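Shown next, in structure tokens, is the structure this report addresses.
The values are calculated or read from the model by the stated rules, or taken from the named source; none is laboratory data. Because the structure is a prediction, the values reported are computed rather than measured. Note that each Cβ is placed from the backbone with ideal geometry, even for glycine, and that neighbours are counted across all protein chains shown. What goes into the accessible areas is simple: the full protein's heavy atoms, side chains included, and nothing from ligands, DNA or RNA. Shrake-Rupley method; radii C 1.70, N 1.55, O 1.52, S 1.80 Å.
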Amino acid sequence: LELLGPQLRHLSVTVEKRYTGEVLQAEVDVARYKRAVLNLILNGAQAMPGGGALSIRLEVSGPMIRFSVTDRGQGVSPEVKDRIFEPFVTGRQDGVGLGLVLTKRIAEEHGGAIGFETSDQGATFWMDVPHG
């Protein structure tokens, strides 16, 4: 979040952090996991062109640590919803469509998964990796 601070301020995005009180540990390639986290945060921020609050959560979900980002944009459009993790599929006019593909690959390489929930009031993208 420190790294993205200037960009988030420029987009008029505030961040609400919700972390579990316990120390969470996972074996990850830090650089690659960081890239995935940055992708999810930037996607969430860019989903709110007029700015707004972005909620970031870190919690235990069964054998996984779940990192999730919830935006208050318009949600994922029905046209791309079923193909959102495919290369070159994007919901933004200026998007390339590779960020979520890369993020999915990173999650899966770490034994985890990625998914999302969407409505017309925003979307939540989550990434799980095993803890322990």
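Descriptive notes on the structure:
- Dipole in debye (nearest 20) - region 25-72, about Cα centre, beta carbon charges: Lys, Arg +1; Asp, Glu -1: 80 debye
- Probe 1.4 Å, protein heavy atoms only - accessible area per residue of the chain in square angstrom: 59 Å²
- For region 1-86, the fraction of 1.4 Å probe accessible surface lying on carbon and sulfur atoms is 50 percent.
- Integer Hz, Karplus 6.51/-1.76/1.60 couplings in order for region 66-78, x for Gly and Pro: 9, 9, 9, 10, 10, 9, 10, x, 9, x, 7, 5, x
- Between 0 and 90°, nearest 10: helix 30-46 axis offset from the chain longest Cα axis: 30 degrees
- Net charge dipole size for the chain [Lys, Arg +1 and Asp, Glu -1 on Cβ; Debye, nearest 20]: 260 debye
- Ordering of 38-45, 25-32, 9-16 by packing is 38-45, 9-16, 25-32, highest average first (other Cβ atoms within 10 Å, averaged per residue).
- Adding -39500 (n - 2.57) for every DSSP H run of four residues or longer, then dividing by how many residues the chain holds, sets the calculated 222 nm ellipticity at -8500 deg cm²/dmol.
- For the chain, the longest principal axis of the alpha carbon atoms and the long axis of helix 99-109 meet at an angle near 10°.
- Taking the charge dipole of region 32-91 about its Cα centre, with +1 at Lys and Arg Cβ atoms and -1 at Asp and Glu Cβ atoms, the residue from 84, 48, 37 reaching farthest to the positive side is 37.
- Most mobile listed residue (22, 59, 109) in the chain, GNM with C-alpha springs under 10 Å: 22
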